Structures are given as C-alpha cells and as structure tokens.
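Data first, discussion second: the structure below is written as structure tokens.
Throughout, read-outs are computed from the coordinates displayed, never taken from laboratory work. Just so we're clear, the structure is a prediction, and the values are computed from it rather than from any experiment. FYI the Cβ positions are ideal-geometry reconstructions off the backbone, even for glycines, and counts take in every protein chain you see.
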Amino acid sequence: MSKQVLQPIASLLIRRVFKWVILCVICISSLQAWLNYRAIEENFTMTVDDVAHAHLPLLSVAIWDIEPQTIQKQIDLILKNKTISYVAIKASTGQQFTGGDVNRLGNGQHMKFNIPAPADASKTVGTVEFVVDKTILRKELLRSFIIVIIEVIILSIFIFMAVVAILRRDLEKPMRQLADFVKNLQANQLATKLELKRKPEDGYNEIDLVVDGFHTMQDSLQKHIANQDALVAERTSQLETAMKTLKQLSITDGLTSCYNRLLFNERMPAEIQRAVRYQRHLSLVFCDIDFFKKINDEYGHAVGDTVLIAFTQCLADELRADVDWIVRYGGEEFIMVLPETSLLAALEVAERIRQKVEHQLTIRLANGNMLHITASFGVAQLQAADNMESMVQRADECLYKAKSQGRNRVQPMAAPVIYLGP
Amino acid sequence: MTVTFLNPGKSDEIYWVTASNGMSAAAHSLGIHLEVIYSERDHLKTLEYAKQIAARPAGKRPDYVILSNDYAVGAEALRILDAANIKTFFAYSGINDAGDREKTGMPRQFYKGWLGVLEPQAEDAGYQTARALIQRGKTEKMFSSDGKLHLLAIAGDRSTATSYKRTEGMRKAVAEANVVLDQVVYGDWNRAKAQEQSVWLYQRYPQTRLIWAGNDLMSFGAMESWRARGGKPGRDAHFSAINTSAEAFTALESGSLTALAGGHFITGAFGLVMLYDYHHGKDFADEGLEQNRSMFILFTPEVARRYQQLFGAQNFEKVDFRKFSKYLNPAIKKYDFSFRHLLTQSDQRK
C-alpha cells in the first residue's frame, strides 16, 4: 500500500472558498466603492450648494446691516462643514472676510455665489467663495472602501468558520472513524457493526448513506463467504465419495466384489508383518472352481458369472466378517486370507467350504436343470522366513496337488480327514 | 435713608459715571446714603447683584434699589428684589416690552415694593439732534443728485428701549423734513464698530452727508472714518451725537460735531429726589407712577461752555437738589426736572 500524503477535502474546500471570497471581496468592494464615489461626489456638490443657500440670506442681512462679527460667525459656521476648507466673502463695498485653512487652497475647487441684497434680490451686496476640499472626498472614499472591506472580511470569516465547523463535524470526523474502522476490520470480524459517534439530530446525510452502503456490503460479503464454505464442504464430500468409489473400484473385482490381486499384493506384506510381530498364526486358502472353463464353454459367460458370484457368496458366508478377507486372484482362482488362524483351523474352514459348495451350491439353468459345482483348495500357513510369494506358492502347490488328486478336495490333508465322498 | 443704584454701565464709561456722580451729589444734598454697583454692561451681573442684595441680612439691606431696565433684565431683577421685600424704583429705563409688562403689571400692582419709574424722554434726544442735523444740511444745501437730503443712522442696539426711542425720534424728524433715511445700522454703542460700519456706509451711499448717531462714541467712530477718507466733519459732512462727554463738548466747540443732545444722566438724581419725598411721606403718585420727562437739552456751543464751567469735572456738588423736593418746598406743586433748569438753578446759587 503506497503511503500518500493526506489532503483533506476540508482544507481544499476552504482554500477554494477563500480564493472565491477574496475575489468577491475585491469585486464587491470595487463596485461599492465606485457607487459610493459617485454618491459622495454628487452629495458633495449638493452639500456645498445647500450650505451656500442656507447661509446666503443670513450673510445678506449681516452684510447689509454691516455686522462684521456676525459675518465672521457665519464663516465659522460654514467651516463646520468639513467639505469646505476655505471661505472668502467680499462685500460689494470692498471689505473682505476670510476663514479656513489657506494651505488647502491649492487643491480645492472654487465655487462662487452672489449674495443678494435682503430687500432686493436683483442687487448683490457681495460674493461668497467656497473652496471645496477634494482631499475630504478622497478620505471619505477611502473610509467607505475600508468599511466595505471590513464588512466583507468579517462576513467571510464567519462563512469560513461555519464551513470548517460543518466539515469537521459532518465530514472529517465521520470519515476518519469510517477509515479507522475499515483499516482495523479483520476478516473474522466482518460481522462487527460500524457505529459512528454522531449526534442523531443531524439528520440522515451522505455519511449515513456511506455507512448504510458499508453495512450492506458487510452483509453480502458475509453471505457470500458462508455460501462458499457450504459449497466447499459439499464438493469435498462429493470428492471423498468419488475417491472412496475409485479406491473401492481399484481394489475390488467388479463382478464378485472381492478384493483384487492388486490389493492382495499391497496388503499381504503388512498382514505377514503383523503376524510375525505379534507371533500370530496366518493362513492362506487358495481355491479354484473345478472345470470352470467347461461351464463357460457349455453354458455361456453369463452362467459363468453367476457361478462366480454364487461361489464368492458361499465363501464369504463361511468367513469371519471383519477379520478374514477374499481375493479374486485369477479368473476362477480365489485366495482367502485368514489372520489369527492356524493351518489346522484353516483346513477346517476350507473343508467346510468345500462341503458346502459341493452340497449346497446349485445354479438353476435356463432349461430348468440344476448345475452342481465343486472346488479345490490349497492351504498354507505362514512359516518362518516366509514371504508373500513363498506363502502363495506353497498354497498354490497344495491346490495343484488337490487338483491332480482328483479335484473337490483340500490339500494338505489334515488328519483325520473326513472324506465325505463325491 | 439708604439707596443702592445698580448701574448697568461700566465703571469707566463716561455717561454712567456722570450719572452716578449726579446721584451722589443729590444724595449728598438730601442726606441720603447712596451705594453704587456697576454691572459693567453684563446683564447677568445685574441679576447676580440683585440676588446678592436680596440675600443680605435685614440690617444691611438698602431701603430702596434704583434699577435701569437695560438689556431687558428689569422684570427679573424686580421679581428677585420684591421677593426680598426691598423697595425698587426704575430710573433711566422702565418696563416697555409688552411681554415684560404682562409679568410686572403697573408699579405697586403685582409688586407692591415697585414704587415707580422715571424715564428721560428718549425720543427727544433723537428728534432734536436729527432735526438740528437736517436744518444744517438744508442751509448748506447738502442735497444728493436726487435733490433730496440723505441721512445715515448708527443706532445703539436692538433691545434697549432707550435705543429704540432715540431712533424713533430720529425717524420722526426725518419724516417731518422729507429726508431720505438711507439705512439704519446698529453700532452697539461702540466706537470701533461704528467706525467700521461707517466705512461701509460711506461706500454704499457716497452722496449722503448727514450722519446721525445714537450716542457720542459712535459719532466719533463715524467721524474718524470720514476723516480717514479725507473728509472734514462739520464742513463736508455733518454729525450728531447724544451725551455730555468732555470730548463731545470739545467736538461741538470745534465745529466737527454739528448737533449734541444730553443731560438725561441727571434722571437718577431726580429719581433720588422723588424717593426722598416718598420716604418722607410725600408720595409722587399724584404726578403718576411712571413718569416720562424731557430732560435733554440741545447743546449749543455756548450752553456747552457753560455746562463745562459748571460741571467740567463731572462734579455736581454745586447743585442744590433740595430745591427740587416737594417735601422740603411745599410750594412746589409739580416737579420741574429739566436740565436747563439745572443750569439756571445753579446760576442762582452762584
């Protein structure tokens, strides 16, 4: 994960707002200043005109009555208006009265008015000249401009503060909580609910949308994970079943359900090892259905298969269910492995099976006739220095002996041998 | 008998000092103890002094206070003093304003201690000087281009009754003689202001040759500016004045001042005579509580010389004011308060 410098939206927003507010301040201030300038300028001339017309009658009387003190007082009154920097009154008889700041004469605008006589307005008793100070105008302009700027700046500060406060409270804090939550969320804690510390009265906003979306995502993720688990379990069991079937198929004979020679080769050495280690008996019974080739040839393979199935059933019935096991060694050759069984016991088992096959195993043929079969048995017990091959060979030799002695018999002969006859 | 005079003028102002001197002489001859307090032409001070007098302990209060209603403070001063049970008498200037009259009523009406009023007939002074001035203008044919005599007036102030009455007297003379009154300005009895105003007036009315003034000082101011223009007062222009100052007499003597009226300063002294009689049970009520008497005379150079001989140092001790008292002279049926009589009366004593 690349470590990036955090650039909060809040500060971006503030920068943008600040930029625009400054722009607005400049625009609005300029506009207002311009409007003020026009208004002040207009007022300026009007003010001077007003002052003149307010004082002209009084000046007229004062000059007519020759009251120099009153004239001087009028000048002082006129000068109380800050826009007028200098006043000069000239009576038509030549007398002059002045007041104000002579130094400000230079940059001033001169406005001259005739003073009418009190009784006869067509005659004049003198003139009054006002010097209007434009620096006052400029000061006034600057003053109004500064006031506007201060107003807008104060307004902007309040807007900033409001924006910052709202961003902090409604965006930054919840977002940080959200980020921290997501960062610390462990896969096994997916169910943990995201709870933001927010005041409920703020209402439902975008943050709540995000939180809700997150909840939805958490739920669906959880559902998805649960589904996956079930699927995997199902597949695994299917696989296991398949494996079991496959294994069964690989170690059993499809027709008789006996173990096949592959399994025998795999399992027999372990069986021998166990018997040796625990000093136990282990015996093998090698058996073969007599004249099986002839049955196949005479009655067909279907009957042959039925014979094979019936024969193995007969074997299985006589053996211990979970201890002994049967292997189809060849076409009609079977080996029975009998753990914990001595040669004598094995011979008894073999004899009992031989008799049962001879007397009880009959197959009903399609033509209604009954088919009787017999089998020959060679038995071998595990001896010292025996291995699987030597043991099988010895059993096979016995089987051969039984075959050669006329079939339907067990070799070696156990004493006493109960011969029940063909 | 003790009397306090609340003098409205300044303690160095010739007219009002002369008035005080005249009263002192009268007090002296009648055996009255007189106290004079100058308000220095500050009307608020008049009220302040009235309050101080009213606040005095009973033994130190005067029997009578003589007031002049200059600057229209009389009604208020009267109220203050009457409330303290001090008897009052108006000399020189009485209650003339209708608004004040409503408050004060007649003497002895609302204010029982207000005994009466003695005023010089101020119109007389204005009338006599203006008439003399116009007479002189006519004989010297100082007509303007319109063939008429023109006159400029520098009056005293706008609020004092004396000023108004003198101006009215002047207007009466002007109307009688069909003279053009170019303009009336108010010089506030002040020499410098009159001088400045006259400069304007001469420029405004270059053909006018007659200048009437409400007192002597303003006349002198107008003369000064006339001289400054290169004129000669008394020869190419004529000036009139009111008041008996030494400078006025000198100007009259030299011819620069054409007409001078005066003598009314003696009003206070005659007021003392009336109070003296009242004090001694001879009430003046039968002749009227508010008396308006002609006390002015128009001075000729000869009369002026005579006056100066008699009272040159503003000393009126030569006058025996006992002669005017009805109490002391039961034969007198009516007061005779003319200034001319004063001159002749003094002669008799010589």
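Results, tabulated for the structure shown:
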| item | result |
| --- | --- |
| The range A:114-166 and the range A:368-418: distance between their alpha carbon centers, rounded to Å | 138 Å |
| Rounded if a/c under 1.5, otherwise prolate or oblate - the range B:123-262, Cα gyration tensor axes | rounded |
| Length-normalised contact order of the range B:123-262 in % [C-alpha pairs under 8 Å, at least 6 apart] | 28 percent |
| Cα-derived Rg over Rh, computed across the range A:1-140 with Rh taken as Kirkwood radius | 1.42 |
| Relative contact order (percent, whole number), chain A, Cα cutoff 8 Å, 6+ residue spacing | 10 percent |
| Estimated [θ] at 222 nm from DSSP helical runs (n ≥ 4, -39500 (n - 2.57)) normalised by residues in chain A, nearest 500 | -20000 deg cm²/dmol |
| Theoretical ellipticity at 222 nm over chain B - DSSP helices of four or more residues, -39500 (n - 2.57) apiece, nearest 500 | -13500 deg cm²/dmol |
| Whichever aspartates and glutamates have a C-alpha closer than 20 Å to that of A:LYS19, once near sequence neighbours (fewer than 8 apart) are set aside | A:GLU151 |
| Cβ-Cβ FRET estimate between B:ALA98 and B:GLU290, R0 fixed at 22 Å, reported to 0.05 | 0.90 |
| Shielding by partners, peptide A:60-66 (average Cβ within 10 angstrom, other chains) | 4 |
| Shielding of B:176-185 by partner chains, average beta-carbon count, 10 Å | 1 |
| Kirkwood hydrodynamic radius (C-alpha pairs) into Stokes-Einstein, chain A, 4 °C and 1.567 mPa s, D in µm²/s | 37 µm²/s |
| Cα-only Debye scattering, the range A:310-378: base-10 log of I(q)/I(0) at q = 0.24, 0.26 Å⁻¹ | -1.14, -1.28 |
| Taking the C-alpha atoms of the range B:192-350, convex hull volume expressed per residue in Å³ | 129 Å³ |
| DSSP-defined antiparallel bridges as percent of all bridges, the range B:123-262, nearest 5 | 5 percent |
| Given charges at beta-carbon only (K, R positive; D, E negative), |dipole| of chain A in Debye | 1160 debye |
| Per-peptide average of other Cβ atoms within 10 Å, ordering A:76-86, B:214-224, B:60-70 highest first | B:214-224, B:60-70, A:76-86 |
| Degrees between helix A:68-79 axis and first principal axis of chain A (Cα, 0 to 90, nearest 10) | 10 degrees |
| Cα lying deepest toward the dipole's positive end in the range A:59-119, options A:GLY108, A:ALA91, A:PRO118, charges on Cβ | A:GLY108 |
| Sequence-distant residues sharing a close amide H with B:LEU257 (under 5 Å, placed H) | B:LEU252 |
| For B:GLN183, residues with placed amide H under 5 Å, excluding near neighbours | B:ALA153 |
| Where N is the number of residues in the range B:76-147, Cα Rg divided by 2.2 N^0.38 Å | 1.82 |
| Phi to ³J(HN,Hα) by Karplus 6.51 cos²θ - 1.76 cosθ + 1.60 over the range B:294-303, Hz, x for Gly, Pro | 6, 10, 7, 10, 8, 7, 9, x, 5, 4 |
| Cross-link reach list, lysines versus A:LYS356, counting only Cα pairs under 26 Å and skipping chain neighbours closer than eight places | A:LYS293, A:LYS294, A:LYS401, A:LYS403 |
| Cα-based equivalent ellipsoid, chain B: semi-axes from gyration tensor eigenvalues, Å | 37, 22, 17 |
| Length gained when the stretch A:ALA384-A:ASP219 is fully extended (0.36 nm per residue, less Cα-Cα span) | 52.5 nm |
| Percent of beta bridges antiparallel (DSSP, the range B:1-157, rounded to nearest 5) | 5 percent |
| Exceeding the 31 Å Cα-Cα cut-off - candidates A:LYS73/B:LYS141; B:LYS87/B:LYS323; A:LYS80/B:LYS51; A:LYS73/B:LYS87; B:LYS103/B:LYS193 | A:LYS73/B:LYS141; A:LYS80/B:LYS51; A:LYS73/B:LYS87; B:LYS103/B:LYS193 |
| Candidate lysines for bridging to A:LYS173, where Cα separation is under 20 Å - those fewer than 8 sequence places away on the same chain excluded | A:LYS183, A:LYS193, A:LYS197, A:LYS199 |
| Kirkwood hydrodynamic radius over Cα pairs of the protein assembly as shown, then Stokes diffusion coefficient at 37 °C and 0.692 mPa s, in µm²/s | 80 µm²/s |
| Share, in percent, of DSSP beta bridges within the protein assembly as shown that are antiparallel, nearest 5 | 55 percent |
